[in-house]
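The values are calculated or read from the model by the stated rules, or taken from the named source; none is laboratory data. Not measured: the values here are computed from a predicted model. Methodologically, a virtual Cβ is constructed for each residue, glycine included, from the backbone with ideal geometry; neighbour enumeration extends over all protein chains shown.
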Amino acid sequence: MEASQVQEVRDRAGVVRRETIRLIEVAGNGHYSSVFSCAEIMGALYSGVMRLAEDPEWPERDRLILSKGHVAIGLYPLLAERGYFPSEWLDSYTRLGSPLGDHPDMRRIPGVDFSSGSLGHGLSVGVGMAQAARLRGYDETRIWVLLGDQELNEGQVWEAAGSASHFGLGNLVAIVDANQMGLDGMTEETMPVEPIGGRFEAFGWEVVEIDGHDPEAILAAAAALPPAASGKPQCIVARTVKGKGVSYMELSRTWHIGYLDPDDAAAAVKEIDQRG
Amino acid sequence: MAELEGIEVAPVPGGKSWDLAGMAQLSQSFVAGKVLAAMADEDPDIVVITADMKFSNMTVDFERVHPERFINVGISEQHMVSMAAGMASVGMKPYVGAFAPFVGLLAGEQIRTDLAYPGMPVRILAHHAGIAIGFYGTSHHATEDLGLMRSIANMTVVCPCDATATEAALRQTADLPGPVYFRLGRGRDVDVYDALPAGKWRFGEAAVLREGEDLTIVANGITVSAALEAAGKLAGDHYEVSVIDAHTVRPFDGTTIAAYAGRSGKLLVAEEHNVVGGVASACAEALVEHGLADVKLERIGMPADEYSLIGPPTHLYRHYGMDAAGIETKARELLAA
């Protein structure tokens, strides 16, 4: 792995966090901490991990499903950076008639591979995409699904998990952003999901656990995936911290949805830059 | 049996009872598997998916011809719908089959969020709709699905009443850009369209199967043949009754129905659905939209606040007045009013 690629991931994670703060100032309310926990993951996916082209509709591209759709605010700046839509769109975030809402709409936003927002659906959609890719002969295409840990309470996730291994979908990668929290507090208190890796293994998946804030670890896990044409679905359990990057948001229940006034936003950006 | 006091147990029609063996022999109206197999010969994007029900809906007929494009997800209807959405987003044309309550109700949110909202061309074969599965009970009935499906933006809802109509519906909707909900019966339905001129079933158009000035009957699914039979009996008493098959529930051909109801001044709607939210509601909306609120409207269906009694399907249809005798009785009341 190139040092420059590692730095790209760090830089993009910084973009994700800073733009999330900026856009929530536009909206007046939004999800900070769920985005912060997967900033490095999203940064890595768009730093050479996913197979993409200039055309966001390229049929053989890799696809990303944000099963935890409430982190779309972190995705939008990365799609704008790729030139999939004008960066001015970002300034319209959540305004009346904007294509960009809290949850992503594939019909209105180039580069969004599937609309999401209702937790528990994404892995099923990914199973369908992975099967369709096989049927169409897109042998190198991978389908990436980003899930939250509390989301794993949804039963449909496990319907999908069981079918993915039954169908031998080695072109499907589930990344669990295990940020330890849901809306009401700590995942393990509200409704536990551990052992996450053990559960996926029991459903027939290959599992690797990594530090989800370590760009090198994310890139290494992606590089170590078997070929997409192989027969076992892959799960990356990314151990993360909800709110990572802004100290008072880290593992804080009250920052799942919130608003920083301009002074606090500036201070938060400063901290992100210092730790970046 | 004191607990049955006050409940009329219907006589067994024709001296025969409803059983699974009889159902298997009479499943000829489940032609979707065969029709789709033929369509798939021409269209490499068609896939068929079911949830451990391939013998219940005869999608096994598709599997026999195109096993590489047949997927069984086991008992996971919500997953099936979302998975089909993912396949459609990559360019496939999935048809998913399951008992109506387990797809049209259980997976209702997945249909709304993953099919209709993003406009995915997934087709749902929702079979054994209404109370068609009889004494298996309310868990296996779907008497609310039309109400749900016809309030979802971007949905198309079609209720073919027999094998001929099912094939016409499948073929005529093949190129629609969004999702389609096919509400299918019990797989042993009375043929209506095979005796009519080819092309009589046209997607999006209410089918006028009989014309008369005294009363308009709008039917759907199993009540179509029953309504025709009732109209025949009424003709013996010189009542001229129109019978309309409102097979396409969304988009709804309210114009045709309003024209006939406006002329007769009396409208009877018979459907295998709760009287709230289904075809009767769609008709009432059409009457009001066309300035015909004074048309006298009567409804046959599941009573608004009742779940079905236990019984064989034919007995239930008789009990709730959804058969020819029930429609005739209600029609006579309306004609006399």
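Restricting segment B:30-75 to residues that are polar (S, T, N, Q) and surrounded by 23 or more Cβ atoms within 10 Å (Cβ to Cβ) leaves a set whose member that is farthest from B:Gln172 (Cα to Cα) is B:Thr50.
Number of residues in segment B:222-248 that are within 13 Å of the chain's Cα centre (by Cα), crowded, with 24+ Cβ neighbours inside 10 Å and not in a loop (DSSP other than H, G, I, E, B) equals 4.
Exactly one residue among A:Ala161, A:Ala220 is in a helix (DSSP H, G or I), on the phi < 0 side of the Ramachandran plot and loosely packed, with under 15 Cβ neighbours inside 10 Å, and that residue is A:Ala220. Among the residues of segment B:135-160, those that are more than 14 Å from the chain's Cα centre (by Cα), surrounded by 15 or more Cβ atoms within 10 Å (Cβ to Cβ) and hydrophobic (A, V, I, L, M, F, W, C) comprise B:Phe135, B:Ile152, B:Met155. Looking across A:Met106, A:Met50, A:Met42, one residue alone is closer than 28 Å to A:Gly162 by Cβ, away from chain B (no Cβ under 14 Å) and touching a helix residue (DSSP H, G or I) at 6+ places or on another chain (Cβ under 8 Å). It is A:Met42. Those residues that are among the charged types (D, E, K, R) and assigned to a loop (DSSP other than H, G, I, E, B), I need them from segment B:249-271; list them, please. Answer for segment B:249-271, where residues must be among the charged types (D, E, K, R) and assigned to a loop (DSSP other than H, G, I, E, B): just B:Asp253.
Residue-wise test of (1) in contact with a His (Cβ under 8 Å, 6 or more places away or on another chain); (2) more than 23 Å from B:Met58 (Cα to Cα).
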position	(1), (2)
B:Ala168	no, no
B:Leu176	no, yes
B:Gly187	yes, no
B:Gly199	no, yes
B:Val208	no, yes
B:Ala219	no, yes
B:Ala226	no, yes
B:Ala231	no, yes
B:Leu234	no, yes
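A count restricted to segment A:118-166 and to residues that are under 30 Å from A:Leu90 (Cα atoms) and at the interface with another protein chain (Cβ under 7 Å from one of its Cβ atoms) stands at 6. Listed here are the strands (runs of 3 or more DSSP E) enclosed by segment B:78-168 that have at least 2 residues being at pLDDT 95 or above and within 14 Å of another protein chain (Cβ to nearest Cβ): B:93-99. I'm trying to understand the selection: among the residues of segment B:240-269, which are closer than 21 Å to B:Gly326 by Cβ and in contact with a Gly (Cβ under 7 Å, 6 or more places away or on another chain)? If the condition is that a residue be closer than 21 Å to B:Gly326 by Cβ and in contact with a Gly (Cβ under 7 Å, 6 or more places away or on another chain), then B:Glu240, B:Val241, B:Ser242 are the ones that fit. I'd like to know if segment B:204-224 contains one or more residues that are modelled with pLDDT under 95 and among the charged types (D, E, K, R). No, the conditions are met nowhere in segment B:204-224. Remark: A:Glu40 matches the filter, which requires a residue to be under 17 Å from A:Trp144 (Cβ atoms) and charged (D, E, K, R).
Residues are listed down the side, and each one gets a yes or a no for (1) buried (at least 19 other Cβ atoms within 10 Å of the Cβ); (2) free of Cβ contacts under 8 Å to residues at least 12 places away in the same chain:
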position: A:Ala3; (1), (2): no, yes
position: A:Asp11; (1), (2): no, no
position: A:Arg17; (1), (2): yes, no
position: A:Ile24; (1), (2): yes, no
position: A:Gly28; (1), (2): no, no
position: A:Tyr32; (1), (2): yes, no
position: A:Val35; (1), (2): yes, no
position: A:Glu40; (1), (2): yes, no
position: A:Ser47; (1), (2): yes, no
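Total residues in segment B:286-325 satisfying the condition of being under 24 Å from B:Gly254 (Cβ atoms) and in a loop (DSSP other than H, G, I, E, B): the figure is 8. Out of segment B:169-194, which residues are hydrophobic (A, V, I, L, M, F, W, C) and either farther than 14 Å from B:Leu125 by Cβ or assigned to a helix (DSSP H, G or I) (or both)? Within segment B:169-194, B:Ala169, B:Leu170, B:Leu176, B:Val190, B:Val192 meet the criteria.
Taking the condition surrounded by fewer than 23 Cβ atoms within 10 Å (Cβ to Cβ), more than 10 Å from chain B (Cβ to nearest Cβ) and in contact (Cβ under 8 Å) with a residue 60 or more places away in the chain, does A:Arg95 pass? In short, yes.
Just one of the listed residues (A:Leu90, A:Leu79, A:Leu135) is closer than 21 Å to A:Ile175 by Cβ, of a type outside the set (Asp, Glu) and in a helix (DSSP H, G or I), and it is A:Leu79. Candidates A:Leu183, A:Leu152, A:Leu169: the one that is at pLDDT below 95, of a type outside the set (Lys, Arg), outside any strand (DSSP E or B) and at negative phi is A:Leu183. For segment A:103-132, the set of residues classified as more than 18 Å from the chain's Cα centre (by Cα) and in a loop (DSSP other than H, G, I, E, B) consists of A:Arg107, A:Arg108, listed by residue number. Scanning segment B:46-59 for residues that are modelled with pLDDT under 95 and farther than 13 Å from B:Leu125 by Cα yields one hit, B:Phe55. When B:Glu205 is tested against (1) in a helix (DSSP H, G or I); (2) surrounded by fewer than 19 Cβ atoms within 10 Å (Cβ to Cβ), exactly one condition is not met: (1). Remark: pairs (first residue in segment B:159-183, in contact (Cβ under 8 Å) with a residue 24 or more places away in the chain; second residue aromatic (Phe, Trp, Tyr) and part of a helix (DSSP H, G or I); Cβ separation under 9 Å; 6+ apart in sequence or on different chains) = B:Pro160/B:Tyr193; B:Cys161/B:Tyr193; B:Asp162/B:Tyr193; B:Ala163/B:Tyr193; B:Thr164/B:Tyr193; B:Ala165/B:Tyr193; B:Ala168/B:Tyr193.
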